[in-house]
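Q: Structure provided below as structure tokens; questions to follow.
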Amino acid sequence: MASELRLSRAGLEAPFARRVEELSGENPYACYQCGKCSAGCPFADHMDALPNQVLRLVQLGDESALSLSAPWVCASCHACGVRCPKGVDIARTMEALRVLALRKGITPAPVRPDRPYPQIALIGAYRKLTP
Amino acid sequence: MKTIAYFPGCALKDQARADETGTLGALARLGYEIREIPRWNCCGTVFSLVQDDLMRHVGPVRNLLRVQAMEEEKVLTLCAMCYGTLARSAHFVEDPERLRRINAFLDPDAYQGGVEVIHLLTLLRDEVGYERLAAETRRPLNGLRVAPYYGCVLLRPRPFAVDDPDSPAAMERVVEALGGTAVPFPERTECCGTHLTVTRKDVVEERVGRILRSARGGGADALVVTCPLCHFNLEERRPAGTPDLPVLYLGQLLAWAMGEDDPGVASLVGRAAVSSEAVR
Ligand code: SF4
Ligand code: SF4
């Protein structure tokens with residue numbers, strides 16, 4: 001008789017990935033790296049890592065994900081989330097990375113608006129910058 | 001007259017003031033008595049996506065509480081961003097434990113839950129109906145080729161989509177009901193860049209260029225939008241060489257068709273008509 005083969009996440013999960021999961025409510029290990037999110041992200045061209053690569057770093061527990069510009073370029077448009085075959089809403093993962101970075105004092109370059117903007121734009125932009 | 005509670009939000013009272021006047025005038029013609037929420041506050045514009053951030057839901061829930069105090073069951077928004085934050089917050093506090101904790105901030109009042117948040121587009125589709133819209137149209141669009149641009153918030157994330165996120169049709173149907181020709185185009189559901197307009201103007205310009213070229217490629221003479229921030233970006237963030245497509249807010253198009261006199265809309269429709277010569 002062949003013995004039973006059991007696969008489990010236990011012991012393989014990085015604490016950083018757990019923290020991102022806790023904050024985002026999205027399980028990073030659900031992602032199987034198909035790349036559909038990145039193929040459809042309207043902002044991917046401006047990111048230093050593609051959305052699926054950001055998720056891969058999180059899976060690997062690599063905290064360099066906190067220093068990427070990608071989460072700051074992400075506009076929370078949820079295009080990736082509605083298309084992901086595994087139901088990962090990456091916009092939430094991106095928000096968790098922004099919040100974690102801010103709470104650790106890693107902030108993006110300061111923003112100096114060059115003209116008056118509508119409140120709707122300013123409030124949206126600055127909320128993203130407050131942990 | 002049918003009463004409906006109304007949450008304007010900051011944009012409709014300031015940079016998009018013109019959108020509000022015409023829309024409310026058109027809704028009055030359609031038999032709605034608009035009840036603006038007294039002492040409404042900012043919805044927050046973006047919905048917080050992290051799990052441990054209750055504080056940011058207090059603002060939107062306070063607005064829902066005020067709708068409850070008006071003894072209305074529904075609240076109308078004209079802005080897609082307001083729709084997004086309010087609808088998602090209403091859903092967020094369907095969980096009794098979250099509701100209990102948010103209500104601790106609202107003490108001595110308490111939100112009971114159950115207020116439904118709707119957007120102008122869903123009001124037109126589900127309550128007024130396309131047939132009635134067509135019947136009430138006094139100044140038909142005469143086949144003006146209008147491209148509906150949905151952007152994000154009315155379609156994503158999925159639980160809050162007012163229509164099929166991949167293939168929406170509601171705005172096209174409204175345009176047709178008002179006598180226009182709806183022009184679908186590939187970029188109609190792709191994000192304009194939203195508040196990146198403050199931090200990454202370059203990125204938004206690239207997006208806006210693509211969206212307008214895509215609409216023009218489909219043969220559009222004007223764009224119609226549901227969000228004042230999309231509206232701002234699509235007008236103010238055009239890179240050089242972008243086609244000169246006028247952008248109208250959905251309520252402006254409605255106001256025009258219902259016969260409201262709004263010089264701003266008249267000039268926009270005029271601009272569209274010049275490029276198409278469809279409106280005579
Ligand atoms: S679409 Fe989903 S499963 Fe595919 S790479 Fe992106 S997050 Fe992973
Ligand atoms: S939510 Fe962010 S990562 Fe996802 S498609 Fe939009 S911009 Fe890209």
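The values are calculated or read from the model by the stated rules, or taken from the named source; none is laboratory data. This one's a predicted model, so the numbers in the text were calculated from it and none came from an experiment. Positions of Cβ are backbone-derived with ideal geometry, glycine not excepted, and every protein chain shown enters the neighbour counts.
Q: So is residue B:247 closer than 24 Å to residue A:112 by Cβ, buried (at least 18 other Cβ atoms within 10 Å of the Cβ) and in contact with a Leu (Cβ under 6 Å, 6 or more places away or on another chain) or not? Can you show your working first?
A: Numbers: closer than 24 Å to residue A:112 by Cβ: no; buried (at least 18 other Cβ atoms within 10 Å of the Cβ): yes; in contact with a Leu (Cβ under 6 Å, 6 or more places away or on another chain): yes.
So residue B:247 fails the test.
Q: Checking residue A:77 against (1) facing chain B (nearest Cβ under 7 Å); (2) in a helix (DSSP H, G or I); (3) in contact with a Lys or Arg (Cβ under 9 Å, 6 or more places away or on another chain); (4) closer than 21 Å to residue A:44 by Cα: exactly one of these is not met. Which one?
A: (2)
Q: Turning to a different aspect of this structure: Tell me the residue from B:17, B:39, B:29 that is among the basic types (Lys, Arg) and within 19 Å of residue B:90 (Cβ to Cβ), please. Spell out how you get there, then give the answer.
A: Numbers: B:17 fails: within 19 Å of residue B:90 (Cβ to Cβ); B:29 fails: within 19 Å of residue B:90 (Cβ to Cβ).
Exactly one of B:17, B:39, B:29 is among the basic types (Lys, Arg) and within 19 Å of residue B:90 (Cβ to Cβ), namely B:39.
Q: Follow-up question, since we're still on this one. What pairs come up if the first residue lies in the range A:118-131 and is more than 7 Å from chain B (Cβ to nearest Cβ), the second is modelled with pLDDT of 90 or more and in a helix (DSSP H, G or I), and their beta carbons are under 6 Å apart, counting only those six or more places apart or on different chains?
A: A:131/A:99; A:131/A:102; A:131/A:103
Q: Here is a check on your reading of the model: is residue A:58 touching a His at 6+ places or on another chain (Cβ under 9 Å), in contact (Cβ under 8 Å) with a residue 24 or more places away in the chain and more than 10 Å from ligand 1 (Cβ to nearest atom)? Walk me through how you get there before you give the answer.
A: Working: touching a His at 6+ places or on another chain (Cβ under 9 Å): no; in contact (Cβ under 8 Å) with a residue 24 or more places away in the chain: yes; more than 10 Å from ligand 1 (Cβ to nearest atom): yes.
Answer is no for this residue.
Q: Got at least one residue in the range A:5-24 being under 30 Å from residue B:168 (Cα atoms) and either more than 14 Å from ligand 1 (Cβ to nearest atom) or not polar (S, T, N, Q) (or both)? Break it down into steps so the answer makes sense when it comes.
A: Quick first cut of the range A:5-24, residues under 30 Å from residue B:168 (Cα atoms) only: A:24.
With the extra rule that they be either more than 14 Å from ligand 1 (Cβ to nearest atom) or not polar (S, T, N, Q) (or both), the set shrinks to none.
The answer is no; no qualifying residue exists.
For (1) within 20 Å of the chain's Cα centre (by Cα); (2) buried (at least 24 other Cβ atoms within 10 Å of the Cβ); (3) assigned to a helix (DSSP H, G or I), each residue gets a yes or a no:
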{"position": "B:139", "(1), (2), (3)": "no, no, no"}
{"position": "B:187", "(1), (2), (3)": "yes, no, yes"}
{"position": "B:192", "(1), (2), (3)": "yes, yes, no"}
{"position": "B:213", "(1), (2), (3)": "no, no, yes"}
{"position": "B:230", "(1), (2), (3)": "yes, yes, yes"}
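Q: Hey, another quick one. Quick one: would you say residue B:6 is away from chain A (no Cβ under 14 Å) and within 15 Å of the chain's Cα centre (by Cα)? Walk me through how you get there before you give the answer.
A: Values: away from chain A (no Cβ under 14 Å): yes; within 15 Å of the chain's Cα centre (by Cα): yes.
Here the answer is yes, as residue B:6 does meet what is asked.
Q: When the residues of the range A:1-52 are narrowed to those that are among the polar types (S, T, N, Q) and out of contact with any helix residue (DSSP H, G or I) (no Cβ under 9 Å at 6 or more places or on another chain), which ends up nearest to the other protein chains (Cβ to nearest Cβ)?
A: A:8
Q: Do you know which residues across the range B:66-93 are farther than 30 Å from residue B:193 by Cα and either assigned to a loop (DSSP other than H, G, I, E, B) or among the acidic types (Asp, Glu) (or both)?
A: Of the range B:66-93, the ones farther than 30 Å from residue B:193 by Cα are B:66-73.
B:70, B:71, B:72, B:73 - these are the residues of the range B:66-93 that are farther than 30 Å from residue B:193 by Cα and either assigned to a loop (DSSP other than H, G, I, E, B) or among the acidic types (Asp, Glu) (or both).
Q: What's the total number of residues in the range B:145-160 that are buried (at least 24 other Cβ atoms within 10 Å of the Cβ) and either in contact with a Phe, Trp or Tyr (Cβ under 6 Å, 6 or more places away or on another chain) or more than 11 Å from chain A (Cβ to nearest Cβ) (or both)?
A: So the answer is 6.
Q: Sticking with this one: Can we say residue A:113 is more than 14 Å from ligand 1 (Cβ to nearest atom), facing chain B (nearest Cβ under 7 Å) and not in a helix (DSSP H, G or I)?
A: Values: more than 14 Å from ligand 1 (Cβ to nearest atom): yes; facing chain B (nearest Cβ under 7 Å): yes; not in a helix (DSSP H, G or I): yes.
Judged against the criteria, residue A:113 is a match.
Q: What number goes with the only condition from (1) assigned to a loop (DSSP other than H, G, I, E, B); (2) touching a residue at least 24 places away in the same chain (Cβ under 8 Å); (3) hydroxyl-bearing (Ser, Thr, Tyr) that residue B:48 does not pass?
A: Going through (1) assigned to a loop (DSSP other than H, G, I, E, B); (2) touching a residue at least 24 places away in the same chain (Cβ under 8 Å); (3) hydroxyl-bearing (Ser, Thr, Tyr) one by one, residue B:48 breaks only (2).
Q: Okay, moving on. Considering only residues that are more than 12 Å from ligand 1 (Cβ to nearest atom) and surrounded by 15 or more Cβ atoms within 10 Å (Cβ to Cβ), which ones fall in the range A:26-52? Full working, then the answer.
A: From the range A:26-52, those more than 12 Å from ligand 1 (Cβ to nearest atom) are A:42-43, A:45-49; that's our starting set.
Passing the criteria: A:42, A:43, A:46, A:47, A:49.
Q: Just to be sure before I move on: is residue A:38 assigned to a helix (DSSP H, G or I), hydroxyl-bearing (Ser, Thr, Tyr) and more than 11 Å from the chain's Cα centre (by Cα) in the structure I sent? Walk me through how you get there before you give the answer.
A: Numbers: assigned to a helix (DSSP H, G or I): yes; hydroxyl-bearing (Ser, Thr, Tyr): yes; more than 11 Å from the chain's Cα centre (by Cα): yes.
Against the criterion (assigned to a helix (DSSP H, G or I), hydroxyl-bearing (Ser, Thr, Tyr) and more than 11 Å from the chain's Cα centre (by Cα)), residue A:38 qualifies.
Q: OK, next. Scan the range A:99-110 and tell me whether some residue there is within 16 Å of ligand 1 (Cβ to nearest atom), over 30 Å from residue B:232 (Cα atoms), among the β-branched types (Val, Ile, Thr) and more than 7 Å from every other protein chain (Cβ to nearest Cβ).
A: We begin by selecting, within the range A:99-110, every residue within 16 Å of ligand 1 (Cβ to nearest atom); these are none.
No - not one qualifying residue is present in the range A:99-110.
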